[in-house]
């Protein structure tokens, strides 16, 4: 649920230059080119990666409402296994008559972390309130509608598909490889939800805060996070602590249901779980960068030191102090809450209404 990675594609761009050694760097600067103004009319494309659940439609609806073309969705392993999450992506698109958007099955397993390694790490350095996909297998919970955790990555919990079990299929390997090649050639920006900092003291105040302060998506696969934030993307935007800042008020849900009732809004009304809008905030920052009110340019790394309580944790540096192999990222500090909910409402009212009309028109033709 909490990992949202989006690639913005808009033509070929030069490779990002590695930073120089410390002695030749200027003083730390607040970033001046981000947040950007609203995007121009150029065509914008995105590939969105997430551990989708039955109510994860918000990110791609926000993106579509910004007139971006979604080239594809990919499901990953984080809160549940990649197969279950990728099937949710298929089901959600099918639910809204958007099956023209392809879905690729993501990688099942983290690069190095296994159940045994995860358990050893938490035994040595403390447990988490939520272990993500490495929470113990619970068949009773799955029978009651939970996505699978632990056990066999091929296991599917059909009771979790309140949006309907998909009838469509994943794209084949050749198409998936082509998608990856487009990323390598044309990626303009990487936007990641994750990268919490300075939350350790908050975590000791309650179980809820312990959960919110645990960067579970990076902890599930620290090596992958490290590779992503140190790679030569032209630009990287990190949506860290700010992703915990907003929740979906019940009044907003009821407003959407009353003004534009449809299948997507019913999912939100009946099954929204009350967590922060992690993925929606990340998608909005990608689609509408003008929602950002404060950000800073920093160097970033994700720890891959296994024998450490900071394994999977994020650390930031200013210009003069960063390790030589790290690179600059745009770290978002705050967004315009009012503007965000305006964009959210637009995506949920206008786009969903159009989707429902399209679906009904197709049904009448059958």
Keeping to segment 141-159, report how many residues are exposed (fewer than 15 other Cβ atoms within 10 Å of the Cβ) and outside any helix (DSSP H, G or I). 4
Here is a list: 197, 162. Which entry is closer than 30 Å to residue 244 by Cβ, assigned to a loop (DSSP other than H, G, I, E, B), touching a residue at least 12 places away in the same chain (Cβ under 8 Å) and over 20 Å from the mean Cα position of the chain (by Cα)? 162
Among the numbered criteria (1) closer than 15 Å to residue 223 by Cβ; (2) out of contact with any strand residue (DSSP E or B) (no Cβ under 6 Å at 6 or more places or on another chain), which single criterion is violated by residue 314? (2)
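If we scan segment 294-303, do we find a residue that is part of a loop (DSSP other than H, G, I, E, B), under 19 Å from residue 217 (Cα atoms) and touching a residue at least 12 places away in the same chain (Cβ under 8 Å)?
For segment 294-303, residues part of a loop (DSSP other than H, G, I, E, B), under 19 Å from residue 217 (Cα atoms) and touching a residue at least 12 places away in the same chain (Cβ under 8 Å): present.
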Residue in segment 277-292 that is part of a loop (DSSP other than H, G, I, E, B), touching a residue at least 40 places away in the same chain (Cβ under 8 Å), surrounded by fewer than 24 Cβ atoms within 10 Å (Cβ to Cβ) and in contact with a strand residue (DSSP E or B) (Cβ under 7 Å, 6 or more places away or on another chain) present: yes
For segment 237-264, the count of residues that are buried (at least 18 other Cβ atoms within 10 Å of the Cβ) and either touching a strand residue (DSSP E or B) at 6+ places or on another chain (Cβ under 7 Å) or modelled with pLDDT of 85 or more (or both) equals 11
Positions within segment 94-140 being touching a strand residue (DSSP E or B) at 6+ places or on another chain (Cβ under 8 Å) and either assigned to a loop (DSSP other than H, G, I, E, B) or free of Cβ contacts under 8 Å to residues at least 60 places away in the same chain (or both), in sequence order: 101, 102, 106
Can you find even one residue in segment 179-186 that is crowded, with 20+ Cβ neighbours inside 10 Å and either within 27 Å of residue 244 (Cβ to Cβ) or within 20 Å of the chain's Cα centre (by Cα) (or both)? no
For segment 298-308, the count of residues that are surrounded by 13 or more Cβ atoms within 10 Å (Cβ to Cβ) and farther than 16 Å from residue 231 by Cα equals 2
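The values are calculated or read from the model by the stated rules, or taken from the named source; none is laboratory data. Given the structure is predicted, the values throughout are model-derived calculations rather than measurements. Virtual Cβ from ideal backbone geometry, glycine too; neighbours counted across all protein chains shown.
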